[in-house]
Structures are given as structure tokens and as C-alpha cells.
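The values are calculated or read from the model by the stated rules, or taken from the named source; none is laboratory data. On a predicted model such as this, the values are computed, not experimentally measured, just so you know. Note that each Cβ is placed from the backbone with ideal geometry, even for glycine, and that neighbours are counted across all protein chains shown. Surface accessibility is based on the protein's heavy atoms, side chains included, excluding ligands, DNA and RNA. Shrake-Rupley method; radii C 1.70, N 1.55, O 1.52, S 1.80 Å.
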Amino acid sequence: MPEQLIQNGRLVADRWQRLEMSEDADLGALSAAPILLPASLWCARRDQLLARTGEIGVSLAPGFPLESLAEDIGRFSLIAVEFPKFADGRGYSTASLLRQRYGYRGELRAVGDVGRDQMFYLQRVGFNAFLIPEGRDAEDALQGLTDFPDTYQGAADQPLPLFRRRAV
Amino acid sequence: MYHYDDYDRSIVSARVKQFRGQTGRFLAGKLSEDEFRPLRLQNGLYIQRHGPMLRIAIPYGQLSSAQLRTLASIARDFDRDVGHFTTRQNMQLNWVKLPEVPDILERLANAEMHAIQTSGNCIRNITSDPFSGVAGDEIADPRPWAEILRQWSTFHPEFAYLPRKFKVAISGATEDRAAIQVHDLGLQLVKNEAGELGFTVYAGGGLGRTPLIGQKIRDFLPWQHLLTYSEALVRIYNRYGRRDNMYKARIKILVKALGSAEFARQVEAEWAYLKDGPQTLTAAEVERVAMQFAPPRYARLAAENLTHLVDQHGEKAFARWVERNVKPHKVPGYAAVTLSLKQPGRAPGDATSAQMYAAADLADRFSFGEIRVTHEQNLVLADVEQRELHTLWQQAKAAGLASANIGLLADMIVCPGGDFCSLANAKSLPIAAAVQERFADLDYLFDIGNLALNISGCMNSCGHHHLGAIGILGVDKHGEEWYQITLGGTQGNAARIGEVIGRSFAAAEVPDVIERLVAVYLSHRHAGEEFNETLARIGLEPFRAAAYRKDAEIGEPAYA
Ligand code: SF4
């Protein structure tokens with residue numbers, strides 16, 4: 001099974017071009033098509049990238065200091081959060097902060113070791129897109145979105161905790 | 001007792017269904033062992049020496065008699081008729097079969113129980129004082145707060161993959177009976193000068209490889225902010241706790257590395273964003289939960305004079321049981337009674353199904369149908385009429401639940417160790433049994449008096465050996481099982497980590513060494529002095545000398 005992208009609960013084709021560039025790469029050759037770059041590259045080459053027209057997305061490695069992007073969040077229409085191993089849960093806090101503190105409203109994509117059994121929590125902290133890696137079943141992953149009928153604590157998807165919603 | 005409403009029920013049932021699916025996919029080969037591991041762990045399922053071990057949550061140690069019967073029935077139908085109560089107020093089953101676990105979880109769910117987050121790198125079962133609601137020194141009942149935290153932490157989406165496990169304990173009394181200073185997050189209910197309720201917050205305590213006492217990071221957190229503050233604290237840990245080395249991944253290492261002041265500052269800075277947000281607790285919610293822990297309908301009774309009561313019966317065994325196992329109660333005419341799970345010939349903390357059924361019956365007959373589990377691995381009937389004590393004692397005795405040994409050396413805290421646990425360096429149960437046997441004489445035990453002896457089979461310290469006045473730790477030396485001894489550990493308000501006395505001992509030597517250590521104490525103690533007090537006065541040296549003395553008469557080497 002090839003890699004598949006889920007966006008807002010549906011399987012879609014990925015319109016983003018992913019660039020693995022080093023921080024001293026030549027940026028002059030970039031087309032105007034939507035490109036997804038490592039966030040570290042954005043930070044290193046911010047001025048040049050700002051001069052370019054076309055959509056930009058950034059991809060955050062687990063330990064990336066999110067605070068350094070605070071000013072720029074509104075410039076991105078895609079933020080990818082990387083999960084090299086699903087047991088590394090830093091990306092869940094990253095997503096919570098992006099949605100609830102920085103007010104990011106664009107596509108928030110979970111990338112890497114994600115699958116059915118992470119979907120519910122990922123969606124709760126604010127992910128609305130999931131790149132299901134090769135070998136995993138995206139249809140199956142979609143099922144994970146509905147694992148629980150309700151939740152106790154507030155999160156990005158429902159900021160009100162159950163105790164503020166409970167019908168008594 | 002907290003009772004589930006429809007929301008709680010539907011969430012817990014959904015979990016059973018989810019885990020049934022996950023187990024099915026694993027058994028069908030669609031989930032790899034690596035993918036399945038964290039999923040089963042977050043449902044309390046380990047793979048141990050003999051196969052899967054299931055750890056069932058007993059939130060803050062509270063059970064109804066019906067729930068205890070459910071545990072008994074599960075032990076009977078899915079295991080070998082025995083359950084093990086742990087130092088975190090949970091119950092473990094050592095012989096379950098993986099394909100049956102979803103059925104066990106379903107039976108638990110029907111009794112408003114679960115095994116959610118009893119393992120894995122997430123927020124674990126919240127523990128508390130087994131005497132909550134009845135202790136005379138209580139500032140406020142910790143149970144409603146523990147339940148509120150239970151709900152907040154259950155399936156918290158941001159904190160399911162923390163660097164390492166995260167344990168919370170909460171105490172509502174002036175005497176800490178919940179070991180809050182050796183938890184990742186320790187909460188002490190307090191009142192400020194204005195009489196408002198709040199929490200003193202401790203973080204970064206823990207045992208294990210690097211035992212540390214928790215640091216106070218906030219003097220007073222008004223109750224409204226319990227969840228937002230906890231969320232800020234766990235978020236800081238999730239983001240900045242170490243993930244490169246599992247032995248350095250607990251929050252205590254982060255607190256230590258940053259210093260408690262800097263850690264507290266970071267938490268406060270994070271909290272500033274969350275404070276007064278939607279997760280701020282409301283009086284209505286606290287009231288809704290607290291109502292479920294309202295005191296039972298106590299009879300209006302005169303306080304009995306226990307000495308008279310005991311004299312009346314003229315039975316030494318009863319007198320001893322009252323002395324050790326019966327604690328005062330804030331309501332006149334009532335007492336809190338500990339049913340000991342420490343009997344010769346049984347692993348400490350183990351209860352057979354028959355004993356669990358019996359304890360449930362005792363709870364119904366004598367204590368409003370409720371029962372608590374202590375972190376010392378015993379059971380408590382918290383609301384017993386004093387005038388019923390003798391009848392209760394007789395019935396408890398018949399069920400093998402009336403060993404008069406609470407707080408004595410025989411009331412050891414012991415982890416399952418190498419007989420069951422795959423992480424163990426050494427067995428702990430045979431050591432416990434050998435020491436039990438050596439100190440079988442009750443007169444001797446009573447003469448020694450209060451003495452905490454704790455045994456762990458490895459550095460993970462599930463047996464809290466660091467906190468024992470005498471601690472025994474199983475260590476591995478070139479593939480052999482050895483035992484290191486620490487002295488002077490203390491739990492509670494003045495929590496203290498015990499000190500290693502020196503080289504470790506072979507299993508066969510341990511009972512002798514313990515006996516010598518106790519002999520040093522007995523020969524040096526002043527009237528009324530407990531082991532740790534004598535130790536503090538005379539120092540470690542006399543104990544060390546006795547422990548390592550070569551005994552020419554017996555001709556055995558005392559050390560290796
Ligand atoms: S202390 Fe070690 S041996 Fe004992 S139960 Fe914990 S992990 Fe297992």
C-alpha cells in the first residue's frame with residue numbers, strides 16, 4: 001500500500017511538493033508551486049523565502065523550538081509535524097500550541113509513524129491531515145477517528161471539558 | 001464512592017471495544033509487536049515471565065464490595081484464583097491469557113472499573129490516602145480531587161506518549177499517608193490564611209534508579225486551577241523531558257537538571273496562558289463529584305473505650321489485633337480497620353478469590369459496602385462500629401485476613417520480583433518468606449514494634465525499598481541474585497531515602513543479617529524509640545558492623 005494522505009476525513013492527493021534541502025541550498029530555482037520545507041530551513045533563509053511568491057509549508061522535527069516561528073505562523077498554509085516514532089509524543093504538544101496558543105488555522109498534518117491507533121488523539125490536539133505511511137491502510141486509519149463517543153478534557157477539537165458540557 | 005454516569009460508561013465501554021479490535025488485529029498479524037506494545041500497556045497489559053500480566057486500576061484505592069467481587073470473579077475465571085495488590089493501590093493478575101483480556105476488561109467495565117493507563121508512558125492511576133474521609137487529621141477529602149484528576153487524565157490526547165510514566169498522588173491530611181513526595185506530581189490539600197482550599201504542589205519525586213524527594217514548586221494553588229496548572233506542568237515535561245535515555249526520562253531528572261526554581265518558573269509561564277481558561281474548575285463540578293463521596297449514614301453512637309472493650313473479651317489475640325489493625329475514626333463510635341494481606345505462607349499483598357469474596361462480605365456487613373486498598377498492600381474497612389470489632393475480628397480471622405501485624409516488620413511491602421516480573425534482578429518473594437519465617441514469633445514482633453521492611457526485586461523500586469527503615473533490593477551480580485540493604489528510609493511527611501550499608505548479601509544470608517540489624521536496634525534503643533530514631537542517634541556504624549560480622553560460631557561468611 002503506497003503512502004496516502006487523509007485530509008479532513010477524506011483520502012486526497014497531496015498537492016504539496018516536499019523539499020529536503022540543506023540550509024545553504026540554492027533557493028533561486030524554486031517554482032511558485034506549494035512547497036513544504038523543513039522549519040529549520042525557513043528560519044535560516046527567512047528573508048529569501050519571504051521574497052518568493054507561492055504557498056509555503058513548514059515541517060517541524062520533534063524537538064523544534066516552536067516559539068521561534070511564533071511571528072510567522074500566519075504565513076504558512078501547511079504545517080507538518082513529524083513523528084519519527086509514534087512513541088515520541090512531543091508533536092501532540094506542538095499541535096496543541098499551534099491551534100490553541102498561536103491560533104493556526106491552516107492544514108496541520110501528522111507525518112511519519114502514524115496510524116489507526118494514534119488518530120483519535122492526533123485529531124483531538126488539532127491535526128486535520130494525516131500522512132499514512134506506506135504499508136498502512138488509510139481506510140483503516142480513518143476508523144480510528146471515531147474510537148470514542150466523548151471525551152473528558154478540553155483540547156483543540158473541543159476546548160470545553162466534559163464538566164462544562166455534561167447534561168445533568 | 002464515585003458512580004459512573006452515562007458519559008463515563010460510554011467512554012469506558014468504547015475503550016473495551018477499541019482494545020478488542022487492537023487485540024484482534026494483533027492476533028491476526030496486522031499489528032506488529034512494536035505497534036501493539038504501547039497499546040496493550042495503556043490497558044495495563046504487560047508480557048511477563050509467565051505470559052501476560054494484567055494490572056487493573058483501583059482509582060485512589062477505592063472499591064465497592066461489588067467491585068471487589070468482580071475482581072474475585074475475574075481472578076477465579078481468568079487467573080489462578082489469586083490477585084496481587086500493589087504499592088500503587090492497583091491489582092495485578094499474573095496468569096491471564098491475551099485473547100481473554102478484552103473479556104476481562106468488559107467484565108470490569110460492567111462493574112465501573114478498567115485497566116486504563118495502569119502502565120505505559122502516560123499519566124497513571126492516581127493514588128491517595130486509604131483513610132480519606134475518616135481520618136481525624138483531614139483538611140479536606142482528597143477523593144473528589146483524585147476523581148477529577150482521573151477524568152482529566154483519562155485519554156488525555158496530549159499526554160499519551162510522555163517521555164516516561166507519570167504518577168500522581170494526593171493527600172488531604174496533615175500526615176501524608178499517600179507518599180506524595182515520591183511521586184512525579186504530589187499534591188497536598190491545604191487551606192490558606194483566608195480559609196480557602198488549595199494545593200501545595202511537589203514535583204520530581206520518585207524512587208527507582210535515581211531516588212529523589214519531590215521539590216515543592218508551589219506553596220498554594222487555589223483549587224480552581226488544579227487542571228490548568230497540572231496541564232501546564234505535564235506539558236513542560238512532555239516537551240522538555242529527556243527521551244534519549246529511558247533511565248533519565250522521568251520528570252525528576254528534568255526538575256533536577258533545571259533546578260526546582262527554574263522548573264517552577266517554566267510551569268508558571270506556561271500556566272499563564274492556560275489559567276482561567278475553560279478547564280478552570282467550577283464549584284458546580286467539584287460539588288457534583290464531592291457529593292458522591294458524602295459520608296455514609298453513620299449511626300449516632302457513643303465512643304467506646306477500646307481498652308474496656310478489649311478487656312471484656314480477655315483474648316490476647318484480639319487485643320493485639322486491636323492494637324495493630326484498628327485506627328481511630330473521626331466519628332465517635334467508629335473505627336477504621338486494616339485487613340492484613342501479610343500472612344505467613346502467602347506473598348505479601350496477595351489475596352485469593354475466596355479472601356476477596358470474604359472481604360467484600362465483611363465490607364457489606366460492617367463498613368457500608370466499601371473497601372480501600374493501601375499502598376502498603378493491605379485492605380481497609382474504613383467505617384466499622386467499634387462495638388462490632390470483635391465480631392469482625394472473628395470473621396476476618398476465619399477468612400485469613402486478621403493477622404495482627406500492621407506496621408510491624410511482618411507487614412512488609414514487597415514487589416512480585418523475579419518469580420513473576422521480567423524486569424527483576426532477583427526474587428523478592430522467597431526473601432520475604434524467609435524473613436517472615438525468621439520473625440514468626442508474635443511476641444518478638446510486638447517487642448520490636450513499628451518497623452517498615454520493604455523489598456524490591458530491582459532498581460525500579462516497586463517495593464519502595466528506599467523508604468523502608470530496612471530496605472532490601474535485589475541486584476544482579478554476574479548472573480547471580482544478591483541483595484543490597486539500605487537503612488533509615490522513611491515515608492510520609494519527613495520522607496527520606498535510605499542509605500546503603502555496604503556490599504550486598506546472598507539470599508541465604510538475608511534473614512540472619514536482618515536479625516542482626518534488629519538485634520542492634522533492640523540493644524541500643526531508648527524507651528519508645530523507633531528503629532530510625534535509634535539509627536539517627538547512634539549512626540550507621542554499629543549496624544554495619546553487626547551486618548558484616550563474621551560469625552565464627554556459625555562459621556558462615558556474612559558477606560561477599
Ligand atoms: S521492583 Fe523490579 S522486580 Fe519488582 S516488580 Fe518492580 S520492576 Fe519488577
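Side notes on the structure shown:
- Filtering segment B:418-444 to residues that are among the hydroxyl-bearing types (Ser, Thr, Tyr) and near the ligand (Cβ under 10 Å from one of its atoms) leaves B:Ser422, B:Ser428.
- Residue match in segment B:127-146 (condition: within 22 Å of the chain's Cα centre (by Cα), in contact (Cβ under 8 Å) with a residue 40 or more places away in the chain, open to solvent by 40 Å² or more (accessible area, probe 1.4 Å) and closer than 25 Å to B:Cys415 by Cα): no
- Meets criteria (touching a residue at least 40 places away in the same chain (Cβ under 8 Å), open to solvent by 10 Å² or more (accessible area, probe 1.4 Å) and assigned to a helix (DSSP H, G or I)) for B:Ser10: no
- Residues located in segment A:124-148, provided they are part of a loop (DSSP other than H, G, I, E, B), out of contact with any Ser or Thr (no Cβ under 7 Å at 6 or more places or on another chain) and more than 7 Å from chain B (Cβ to nearest Cβ): A:Phe127, A:Asn128, A:Pro133, A:Glu134, A:Gly135, A:Arg136, A:Asp137
- All positions within segment B:289-307 that are outside any loop (DSSP other than H, G, I, E, B) and closer than 12 Å to B:His390 by Cβ: B:Leu306
- Counted residues, segment B:405-417 - those being open to solvent by 10 Å² or more (accessible area, probe 1.4 Å) and near the ligand (Cβ under 9 Å from one of its atoms): 2
- Residue match in segment B:467-478 (condition: more than 13 Å from the ligand (Cβ to nearest atom), over 22 Å from B:Ser340 (Cβ atoms) and either open to solvent by 50 Å² or more (accessible area, probe 1.4 Å) or in the same structural domain as B:Arg49 (by TED's automatic domain parsing) (or both)): yes
- Which numbered condition B:Ile74 misses (of (1) buried (at least 21 other Cβ atoms within 10 Å of the Cβ); (2) away from chain A (no Cβ under 14 Å); (3) without any contact (Cβ under 8 Å) to a residue 40 or more places away in the chain; (4) not in a helix (DSSP H, G or I)): (4)
- The single condition among (1) open to solvent by 40 Å² or more (accessible area, probe 1.4 Å); (2) modelled with pLDDT of 95 or more; (3) within 14 Å of chain A (Cβ to nearest Cβ) that B:Met246 does not meet is (2).
- Candidates are the residues of segment B:445-463 that are more than 8 Å from the ligand (Cβ to nearest atom) and open to solvent by 20 Å² or more (accessible area, probe 1.4 Å); the one that is nearest to B:Arg250 (Cα to Cα) is B:Ala452.
- Highlighted here are the strands (runs of 3 or more DSSP E) found entirely within segment A:1-65 that include at least 3 residues which are open to solvent by 30 Å² or more (accessible area, probe 1.4 Å): A:10-12.
- Note on segment A:149-168: residues that are closer than 21 Å to A:Leu97 by Cα and either touching a strand residue (DSSP E or B) at 6+ places or on another chain (Cβ under 8 Å) or at the interface with chain B (Cβ under 7 Å from one of its Cβ atoms) (or both) total 9.
- Output for segment B:147-167, where each listed residue is within 13 Å of chain A (Cβ to nearest Cβ), open to solvent by 10 Å² or more (accessible area, probe 1.4 Å) and within 17 Å of the chain's Cα centre (by Cα): B:Arg150, B:Lys165
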